[in-house]
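The values are calculated or read from the model by the stated rules, or taken from the named source; none is laboratory data. None of these values were measured; they are calculated from a predicted model. All Cβ positions, glycine included, derive from the backbone under ideal geometry; neighbour counts span all protein chains shown. Calculation scope for accessible area: heavy atoms of the full protein, side chains included, ligands and nucleic acids excluded. Shrake-Rupley method; radii C 1.70, N 1.55, O 1.52, S 1.80 Å.
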Amino acid sequence: MKRPRQKRRGGLGRDAENLIWLATGLAESGSRAEDRYWDHLLCDNLDRILDEGGEDTLNAALDHLYAADARAYDELADYIESRAESAPGVSPDHDVVLIAAPVLAWSRYRIPSNTIPSAVLANLRVHLQAHVLADKVKVALSDFLFSPDQLPQGYCATAAFAVALGRAAVAGKDLHIETEGMPETAQFLSDTRYLLAAVAVPKGEALFAWQEPERTREQCMAQWRMQGGACLAPLLPGCAMEVVLPEAYFAASRQADKDSRPYAIRASVAFLGAELDTPAANVRAVIAPFHERELEEYRVGLTLKGKEEVVHGVVWPLLGAEDETTDANAEIEAVLRDCGVTEIVNLEHRFPLEYCDDCGAPLYPSPEGEIVHAEMPDEHGEQAPRHLH
């Protein structure tokens, strides 16, 4: 998932310099024939670096290109993601790709991340093959529903996971995930869970159902929402949920990040309606931009009409190439109005990217133009998660 790069100290190593040269050559290529030349060299180098665990090398090359050459940066980032999720050394006869099936969920209680029973895993495989994957695909599922904190961290770890799951796909088996020592999951009102799988298909064949005639992404999404969602629901008791179309790992993760923003707003308004017995029309929203060196995110403080206290808040991070020219305000307003919130205040001056010193929660804008901690009313009973992912 592409993010703005943070500069690191120190010179570039030989491998990083070589990646920069190859990515620049590919970005400046003027023909498909030249593309193939750069493609071959770049893939060979990336496969070796990923296999050797050269995470720092990859990040150093990306950091340099992010500041120096946007086109070459995009090429290198795309190639790193592609090689990390495609497990190229697993089988000479198959194309293998790591895929993710994200699930957006919200709950007043803890959102589970846990082992998936074998019967549920079998049902998920049936519906993936029927509604998402192409006819000749073999699939292996991991038997765990991951939180963001539990996903492979970094490109090299993702590549190693793709290899393990890809081998299982070629062998026609699922992959058991050892949960001992797995990171704890932070508690949020709204969060994402990930079903991870690998697909293996004979070289050159279609991977997904929408690559075949007379099937579209929209049809696949509708069928997966109905059938796959029904299979996933028992894994998330006490949760409202919404599925994201399964796709290649990085593409699905980016789409989940994007979809989670409006979902978090809808979840927050629904939560206040349930907890405080107040309709959306009685909620006021305050939207403000938050900066570090540049605009990083918008935060939405939610109050009750006629009261100044911020009772809840939502973070709307900027993603990918989004910046100050992106009309995020209009998108946030549209989601709020769709939820039934009619009183919306837009604050235009810059706010610092600050968090609570005691608990680390984001501070949210109030109607008076201050940034404050979101606190449920004193008369409210049991404390639920206080901020949104």
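The residues of the chain expose on average 47 square angstrom of accessible surface per residue, using a 1.4 Å probe on protein heavy atoms. Diffusion of the range 113-173 by Stokes-Einstein, at 4 °C in a medium of 1.567 mPa s and with Rh set to the Kirkwood radius over alpha-carbon pairs, works out to 101 µm²/s. Both radii are taken from the alpha-carbon atoms of the chain; with Rh as the Kirkwood radius, Rg/Rh is 0.99. Counting lysine pairs in the chain whose alpha carbons fall under 17 angstrom apart, excluding pairs fewer than 8 residues apart on the same chain, gives 5.
Across the range 38-195, Cα-Cα pairs farther apart than 26 Å form 37% of the total. A straight line joining the Cα centroids of the range 53-117 and the range 324-365 runs 29 Å. Compute the Cα gyration tensor for the range 72-150, then decide on rounded, prolate or oblate, letting a ≥ b ≥ c be the square roots of its eigenvalues: rounded whenever a/c is under 1.5, prolate when a/b is larger than b/c in the other cases, and oblate in all that remain. Because a/c hits 1.5 or more and a/b fails to exceed b/c, the range 72-150 counts as oblate.
When the chain is treated as a Gaussian network with alpha carbon springs shorter than 10 Å, the biggest mean-square fluctuation among Cys359, Cys220, Cys156 belongs to Cys359. Kindly express, to the nearest 10 degrees and within the range 0 to 90, the angle between helix 55-68's C-alpha long axis and the longest C-alpha principal axis of the chain. So the inclination is approximately 70 degrees. Against the chain, whose longest principal axis comes from its Cα atoms, helix 118-131 is set at around 80 degrees. Enter the angle in degrees (range 0 to 90, nearest 10) between the Cα long axis of helix 328-339 and the first principal axis of the Cα atoms of the chain, meaning the one along which they spread out most. Roughly 60 degrees, rounded to the nearest 10. Between rounded, prolate and oblate, where does the range 296-377 land on the alpha carbon gyration tensor, with a ≥ b ≥ c its root eigenvalues, rounded for a/c under 1.5, else prolate if a/b exceeds b/c? Because a/c hits 1.5 or more and a/b fails to exceed b/c, the range 296-377 counts as oblate.
Could you tell me the calculated FRET efficiency between Arg48 and Glu309, based on Cβ-Cβ distance and R0 = 56 angstrom, to the nearest 0.05?
0.50
Between the residues Ser253, Leu189, Leu302, the greatest Cα displacement towards the positive end of the dipole of the range 174-303, with unit charges on the Cβ of Lys, Arg, Asp and Glu, is found for Leu302.
Where the alpha-carbon atoms of the range 265-337 are placed on the principal axes, they occupy 39, 20, 16 Å, in descending order. What the Cβ-Cβ distance of Thr342 and Glu322 gives, at R0 = 35 Å and to the nearest 0.05, is a FRET efficiency of 0.85.
Scanning residues 5 or more positions from Ala361 or on other chains, those with amide H under 5 Å from its amide H are Cys356, with H placed 1.01 Å from N in the peptide plane.
Rg/Rh, computed from the Cα trace of the range 187-305 with Rh as the Kirkwood radius, has the value 1.06. Magnitude of the charge dipole for the chain, about its Cα centre and with charges confined to Cβ atoms of Lys, Arg (+1) and Asp, Glu (-1), is about 960 debye.
For the chain, carbon and sulfur atoms together expose 48% of the accessible surface, with a 1.4 angstrom probe and every protein chain in place.
With contributions of -39500 (n - 2.57) from each DSSP H run of at least four residues, the per-residue ellipticity at 222 nm computed over the chain stands at -12500 deg cm²/dmol. Derived scalar couplings between HN and Hα for the range 177-191 equal 9, 6, 9, 5, x, 5, x, 5, 9, 5, 8, 10, 5, 10, 7 Hz in order, rounded to whole Hz, by the Karplus curve 6.51 cos²θ - 1.76 cosθ + 1.60 (θ = phi - 60°), x for Gly and Pro. Near the amide H of Leu353, within less than 5 Å, lie the amide hydrogens of His291, all on another chain or at least 5 residues away, with H placed in the peptide plane. Across the range 288-318, the residues whose backbone nitrogen lies under 20 Å from the label position 7 Å along the beta-carbon direction of Glu370 are 288-291, 299-314. The relative contact order of the chain comes to 17 percent, based on Cα pairs under 8 Å that sit 6 or more residues apart.
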